[in-house]
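The values are calculated or read from the model by the stated rules, or taken from the named source; none is laboratory data. It should be emphasised that the depicted structure is a prediction, and the values quoted were computed from it without experimental measurement. Neighbour counts are summed over all protein chains in view; Cβ atoms, including those assigned to glycine, are modelled from backbone coordinates with ideal geometry. Accessible surface is based on the protein model in full, side chains and every heavy atom, while ligands, DNA and RNA are left aside. Shrake-Rupley method; radii C 1.70, N 1.55, O 1.52, S 1.80 Å.
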Amino acid sequence: MKKSISIILLLFTCLFTLFAGGFSETKKFDLAKVINIEVDLGFENLTVSTWDGNQIAVVSESNKEGVFPNITSINKTLQIRATDSGTDRLLEEQDSFCNISLMLPENYLAEKITIKAPNKKLDVKKLNAKTVHIIPGPENSLANITADYFEIRDLGEADVNVFNLDCNSFNIAITAGDINLSLARVPAKASKASVKCGKMNVTIPADPSFTIKADSYYSKFINNFTGTVDTWARDGITYKHNGGGTVIDIRTFEGDITIGAK
């Protein structure tokens, strides 16, 4: 009798653990076999970070059996794509979830990383690539990105949050939502950020030289370097910091532009 009870309790514990932890799978790829990374998701959450391993690891966790992305490596391109069945289930069942963790070695440098995550949470903690192209989700945090060229293009409505961006040039263009951009350094080449309907907040290290070209059809240009507020930026305002340098073009149609020291 005691033995039967023990077996039942053991089975119950296993089932509870499976239910609580869900289903998971891990795939690893050698660095020499991956030059580019392409992520195209539907309704999955994605976290990008670094780790102390010597391979690229992709960990997927779901509370529904079989709801995992398609993960393949073809011609030195790692592809992470949502499955049709997984997307359908996540759409139909609000209690479904799939979390994906892309973990890159600290010393890994990709040629190009493309991330499309238009519907759910995107959390980039750190990445390093020559070219980075992102279509963010409605909830996003993009931090500690090092790139030669960084680009965000989003035709939907979402706030964009980029922290500690270290790049030679950037191009950020969204339709609606606030842009919060923190630069680790002044880009070496001309860069731009624009939003049709939303505010723009840009912080830059104060020591280097740079030039801001601000243009807002209906709103103000707030310069925290000088403490001045221009209530009419429709015709464009040029601010040369420390004599001027690399041009950063900032545009809104409806929404204040604020710049200041990091």
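Annotations for the structure displayed:
- Spans of strands (runs of 3 or more DSSP E) in the stretch 35-77 with at least 1 residues closer than 11 Å to residue 104 by Cβ: 36-40, 45-51, 55-62
- Which numbered condition residue 186 fails, given (1) over 18 Å from the mean Cα position of the chain (by Cα); (2) open to solvent by less than 30 Å² (accessible area, probe 1.4 Å); (3) more than 22 Å from residue 127 (Cβ to Cβ): (3)
- Selection within the stretch 65-75: residues that are in contact (Cβ under 8 Å) with a residue 24 or more places away in the chain and surrounded by 12 or more Cβ atoms within 10 Å (Cβ to Cβ). The member of this set that is farthest from residue 46 (Cα to Cα) is 73.
- When the residues of the stretch 31-59 are filtered to those that are among the β-branched types (Val, Ile, Thr) and within 12 Å of residue 122 (Cα to Cα), the one that is most open to solvent (accessible area, probe 1.4 Å) is 47.
- Leading residue by the ranking (surrounded by the most Cβ atoms within 10 Å (Cβ to Cβ)) among those in the stretch 95-139 that are at pLDDT below 95 and among the small types (Gly, Ala, Ser): 117
- Any hit, the stretch 153-164, residues being buried (at least 18 other Cβ atoms within 10 Å of the Cβ), acidic (Asp, Glu), modelled with pLDDT under 95 and under 22 Å from the mean Cα position of the chain (by Cα): yes
- Yes/no for residue 207 being surrounded by fewer than 16 Cβ atoms within 10 Å (Cβ to Cβ) and more than 19 Å from the chain's Cα centre (by Cα): yes
- Number of the condition not met by residue 107 [criteria: (1) without any contact (Cβ under 8 Å) to a residue 60 or more places away in the chain; (2) closer than 22 Å to residue 182 by Cβ]: (2)
- Evaluated against (1) basic (Lys, Arg); (2) part of a strand (DSSP E or B); (3) within 22 Å of residue 133 (Cβ to Cβ), residue 189 falls short on exactly one condition, (2).
- Residue in the stretch 80-94 that is closer than 26 Å to residue 64 by Cβ and at pLDDT 95 or above present: yes
- Only one of the listed residues (220, 213, 196, 240) is within 25 Å of residue 140 (Cα to Cα) and either touching a Ser or Thr at 6+ places or on another chain (Cβ under 9 Å) or open to solvent by less than 80 Å² (accessible area, probe 1.4 Å) (or both). That residue is 196.
- Residue check, residue 178 open to solvent by 30 Å² or more (accessible area, probe 1.4 Å), touching a residue at least 40 places away in the same chain (Cβ under 8 Å) and under 21 Å from residue 262 (Cβ atoms): yes
- Looking across 146, 175, one residue alone is modelled with pLDDT under 95, in a strand (DSSP E or B) and either in contact with a Cys (Cβ under 9 Å, 6 or more places away or on another chain) or on the phi > 0 side of the Ramachandran plot (or both). It is 175.
- If the condition is being more than 15 Å from residue 114 (Cα to Cα) and among the β-branched types (Val, Ile, Thr), then the stretch 24-54 contributes 26, 50.
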